[in-house]
Amino acid sequence: MHKTILPACLAMLIFIACNQASRETRMPKQYSIEDLYDNIAVSAAGFSQDEDKILVNNNASGIYNVYELNISDTAMTALTDSKKESFFAVDYQPGTNRFIYSGDQGGNENNHLYLARKGDSAARDLTPWPNSSNSFAGWSEDKQSLYVSSNKRNPQYFDLWKMDTATWTPALFYQNDSGLNVGAISPSEKYIALNKSITTDKNELYLFNRITKEMRKLSNDQEATWNASAFEKNDSIFYYTTNDGNEFSYLVKYNINSGKAEKFYEDQWDVAGLGLSEHEKYHTIFINEDGKNKVLLFDHASNQPVAFPEIRDGDVISVSIAPSEKKLLLTIGSSTSPQNLYLYNLENKELKRLTSTLNKAIDENDLVKAEVVRFKSFDGLDIPAIYYKPLQASKTNKVGALVWVHGGPGGQSRVGFSNSIQYLVNHGYAVLAVNNRGSSGYGKTFYKMDNKDHGNADLKDCIWGKKWLASQEYIDSAAIGIYGGSYGGCMVLNALCKYPDAFNVGVDLFGVANWLRTLRSIPPYWESFRKALYDELGDPNTADSVHLKDASGLYNYQKITKPLIVFQGANDVRVLKVESDEIVEGVKKNGVPVEYVVYPDEGHGFVKKENQITTSKRSLEFLDKYLKPGKGTQKE
């Protein structure tokens, strides 16, 4: 569970209205879910030593495996051949042809790091510690060691370990006994930036000197967030982001020697952070601009912008600067195509596309471009949303619709590609992905509006999103459902319980049904975040339990009268399977149609393509059975 408001300008509203009105209404070619899931999801980890290859992972085999992409001919060579567990690329071991990847067991989140080389039949587990969760935390400056974040010593807290690449023997580098989280390590290893969660709206930022053992607090006591970005090599400059005294996060340049902090970069949206290239020739700045990334490249010494090509309708997901600082690896997505990899040569300005992830059998013109819209909620607050209107929708061909609720609390629906959304929209269901109050990305005031009020005003935002959909002349107002996963799934259950006439159906993916149990059974490695989580949602061991019961579908299931379908991973450690078991059992007692799909090999979120296909296919079949225009009996 996780968490930057600008009113929409008149020009934007006019543009959206005109764009929707002028778009051609037509029946697109309708694709099977197998067609859409024949797309490939790909992401990149890093450059090889000679920068002629890239380590990537993709799910072409049905689950994620690690591949090597040859830049010259864009050929992919499989480096792992897992049939059961998904493996994710981490990085090449510097100066060698060996690579590191990560994986867990059936979605249990106990990730391990593995070392292998091309052609190996077996990999070496670098973190063979039972019941531990481990993640890569970077390479040392001399590239002879790697850092690992692990809770192997204490299941509640993550220590930082250092492994030399000669023996791969772990040595304790920073022992975490007080719930601090490592944000960044200085190249000299003199300093470690540490965060401490206080609430989801406030944390603390410290600079720990490993030589003197001094712990310097950089944050103040105001309600604000502080997050580490990067250290310069000289041990004198440190960059971090904060929203102290501001609605949105901005970038700060901090002089470690003088203690002087100065605002380095600010935007009208959240500045997510700064990244430095290997030899500090360039830096990048990421901005969360109204549900979409904006990425800026600068010459670091002069702080002057450096242009790199804009790809139409492209959302830059990530930028990796090669160690030579001559190439950029861009990961770019859009709402009508899965993300692709591009290589940009900074010297000759050539841009090369390295992947083609959209199934060639699919015409991208038959898919729907996402639009940012806003609607008024019950109290007049502007609520942002990402909207997908079916191409076939018209006043004379009305379609059904879904309010789509993101995970969280504090998540954000963003402009980007979704197989499941495009499948539903292609088959005639409009989707309004609501960023209800409490969502991140729209300012800290908006973000904390749902604190200890979950299932109330945030839920009403979804209800008013339904009203916005019903007001569109091409939407059948009696055929509107609600769909969500995790926190979003909880909102689905709350909507069906508290507003039984608002939606015709609910689609719940591993949604919280009992906040009391979920908050008491959070994974041990969330211990440092427990207090912050309780501060936002409520402490189940106090009087907050009254509200938490009210926001839990399990205590209100008797009010559910509309069809429900539930999807659950058996190995979910965040929302336990018993949550879904009990809500399904309860709703069946109401005599209401309820369907239940459990995946024995998944955790919190489904990563296997076979299971993703089943989820989307069963969802559409369910909607066609109970929601399709003409089948609704909903009252306005």
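Some points to look at:
- Subset of the stretch 303-337 that is assigned to a loop (DSSP other than H, G, I, E, B) and of a type in the set (D, E) - its residue that is farthest from Y282 (Cα to Cα): D313
- Positions within the stretch 520-558 being part of a helix (DSSP H, G or I), more than 18 Å from N494 (Cα to Cα) and of a type outside the set (D, E), in sequence order: R520, P524, Y525, W526, S528, F529, R530, K531, A532, L533, Y534
- Residues that are part of a helix (DSSP H, G or I) and out of contact with any helix residue (DSSP H, G or I) (no Cβ under 9 Å at 6 or more places or on another chain), drawn from the stretch 586-612: K588, K609, E610, N611
- Any chance V578 is outside any loop (DSSP other than H, G, I, E, B), among the β-branched types (V, I, T) and modelled with pLDDT of 95 or more: yes
- Of all residues in the stretch 547-575, those that are within 15 Å of L496 (Cα to Cα), at pLDDT 95 or above and within 28 Å of the chain's Cα centre (by Cα) total 3.
- Only one of the listed residues (Y31, Y67) is within 30 Å of G603 (Cα to Cα), in contact with a strand residue (DSSP E or B) (Cβ under 8 Å, 6 or more places away or on another chain) and modelled with pLDDT of 95 or more. That residue is Y67.
- Residue in the stretch 318-330 that is farther than 22 Å from Y67 by Cα, buried (at least 18 other Cβ atoms within 10 Å of the Cβ) and touching a Phe, Trp or Tyr at 6+ places or on another chain (Cβ under 6 Å) present: no
- Looking across the stretch 40-82, just one residue is among the small types (G, A, S) and touching a Pro at 6+ places or on another chain (Cβ under 8 Å), and that is A41.
- Search result, residues across the stretch 105-147 that are touching a His at 6+ places or on another chain (Cβ under 9 Å) and part of a strand (DSSP E or B): D125, N134
- Residues satisfying the stated conditions in the stretch 601-615, i.e. surrounded by 19 or more Cβ atoms within 10 Å (Cβ to Cβ) and among the small types (G, A, S): G603
- Residue within the stretch 285-300 that is within 22 Å of I54 (Cβ to Cβ), surrounded by 20 or more Cβ atoms within 10 Å (Cβ to Cβ), in contact with a Leu (Cβ under 6 Å, 6 or more places away or on another chain) and modelled with pLDDT of 95 or more present: no
- Qualifying residue in the stretch 147-158 (condition: surrounded by fewer than 17 Cβ atoms within 10 Å (Cβ to Cβ), at pLDDT 95 or above, on the phi > 0 side of the Ramachandran plot and not acidic (D, E)): no
- Being surrounded by fewer than 23 Cβ atoms within 10 Å (Cβ to Cβ) and modelled with pLDDT under 90 is a description that applies to Y525.
- All positions within the stretch 122-149 that are of a type in the set (G, A, S) and either in contact with a helix residue (DSSP H, G or I) (Cβ under 8 Å, 6 or more places away or on another chain) or closer than 20 Å to F99 by Cβ (or both): A122, A123, S133, S135, A137, G138, S140, S145, S149
- Within the stretch 205-222, residues that are under 23 Å from N243 (Cβ atoms) sit with their Cβ atoms under 9 Å from residues that are of a type in the set (A, V, I, L, M) and assigned to a loop (DSSP other than H, G, I, E, B), at 6+ positions apart or across chains, in these pairs: L205/L218; Y206/L218; L207/L218; L207/I256; R216/I256.
Rundown of residues vs (1) over 25 Å from the mean Cα position of the chain (by Cα); (2) outside any strand (DSSP E or B), yes/no style:
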{"position": "N39", "(1), (2)": "no, yes"}
{"position": "A44", "(1), (2)": "no, no"}
{"position": "V56", "(1), (2)": "no, no"}
{"position": "A60", "(1), (2)": "no, yes"}
{"position": "T77", "(1), (2)": "yes, no"}
{"position": "A89", "(1), (2)": "no, no"}
{"position": "G95", "(1), (2)": "yes, yes"}
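- Residue count, the stretch 306-328 (criterion: among the acidic types (D, E) and modelled with pLDDT of 95 or more): 1
- So N59, is it under 19 Å from I421 (Cα atoms) and among the polar types (S, T, N, Q): yes
- The lone exception for V252 - which of (1) within 20 Å of G410 (Cβ to Cβ); (2) buried (at least 20 other Cβ atoms within 10 Å of the Cβ) it fails: (1)
- Scanning the stretch 528-546 for residues that are more than 21 Å from the chain's Cα centre (by Cα) and charged (D, E, K, R) turns up K531, D535, D539, D544.
- Pairs with Cβ under 6 Å, 6+ apart, first in the stretch 382-411 and under 19 Å from E364 (Cα atoms), second of a type in the set (D, E, K, R): Y387/E371; L391/R26
- Unique residue being of a type in the set (A, V, I, L, M), in contact with a Ser or Thr (Cβ under 8 Å, 6 or more places away or on another chain) and more than 22 Å from L533 (Cα to Cα) when the list is A116, A122, A166, A171: A116
The values are calculated or read from the model by the stated rules, or taken from the named source; none is laboratory data. All values reported here derive from a predicted model rather than from experimental measurement. Neighbour counts run over all protein chains shown; Cβ positions are idealised from the backbone, glycine included.
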